[in-house]
Amino acid sequence: MSDTLSTKVRLILCAALVVLLAAPAATAKEGAQAHLLQRLPSDPAPGSLVTVRWSVDVPGPHGTRVPFGADGMFVRLTGKTGATTRATAVHSGPPYQARVRVPAGGMHAVRFGLMGTACNAARCWSSPMWFPLVRG
C-alpha cells in the first residue's frame, strides 16, 4: 500500500472512530437546556468583567430533567455591534461559572455551549454545540 493511500485509510478510520465514539455523547445532549442561575447586570460597561452562572439539564426518566456535566462548557456574549467574547466554565459539572468580558456594544445576547470537535477525512476543527436558554 502506498504512503498516500495508507494515510488516507488511516484518516478515514480515525474519522469513523470519532463518529462512533461521539454518537452516544450527542444522543445524551439531545433536548439539553441552559438555565441562568443569577440575573445578568442590566447595562454593564463594555470591557468590564461579569460573572455568569448557569446550569444545563437534559431529559431524564419519567419526564424529569437531570443535570448535565461536561468539560468545555462556555458562555458567549454578543454586543449590539456583533462583537463577541467567550469564557470557559471553571468547573466540569453544574453549576457552571465563568467571568467573561463584556463585548463592544454592551451585552445584547448570551449563548451557552459545549466545545467539541468535528472531523472529516482530511481534517478536524472546533465545533461547538449550542444549548437553548430557557427563561423563567
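The values are calculated or read from the model by the stated rules, or taken from the named source; none is laboratory data. On a predicted model such as this, the values are computed, not experimentally measured, just so you know. We place every Cβ from the backbone using ideal geometry, glycine too, and count neighbours over all the protein chains shown.
General remarks:
- Screening Val50 on (1) touching a Ser or Thr at 6+ places or on another chain (Cβ under 8 Å); (2) more than 11 Å from Phe112 (Cβ to Cβ); (3) surrounded by 17 or more Cβ atoms within 10 Å (Cβ to Cβ) shows it passes everything except condition (1).
- Selection count, the stretch 121-131, where residues are surrounded by 12 or more Cβ atoms within 10 Å (Cβ to Cβ) and within 24 Å of Thr81 (Cβ to Cβ): 2
- None of Ala118, Ala109 is closer than 17 Å to Pro41 by Cα, surrounded by fewer than 16 Cβ atoms within 10 Å (Cβ to Cβ), out of contact with any Gly (no Cβ under 6 Å at 6 or more places or on another chain) and not acidic (Asp, Glu) except Ala109.
- Residue check for Ala45: in contact (Cβ under 8 Å) with a residue 24 or more places away in the chain, in a loop (DSSP other than H, G, I, E, B) and more than 20 Å from Trp130 (Cβ to Cβ): yes
- The stretch 32-85: number of residues that are closer than 13 Å to Met107 by Cβ and among the basic types (Lys, Arg): 3
- Among residues of the stretch 59-80, those that are in contact with a Gly (Cβ under 6 Å, 6 or more places away or on another chain) and surrounded by 12 or more Cβ atoms within 10 Å (Cβ to Cβ), counted: 5
- Ser55 within 18 Å of His35 (Cα to Cα) and in contact with a His (Cβ under 6 Å, 6 or more places away or on another chain): yes
- Taken over the stretch 66-84, the criterion of being more than 16 Å from Tyr96 (Cβ to Cβ) and at pLDDT 95 or above is satisfied by Thr78, Gly79, Gly82, Ala83, Thr84.
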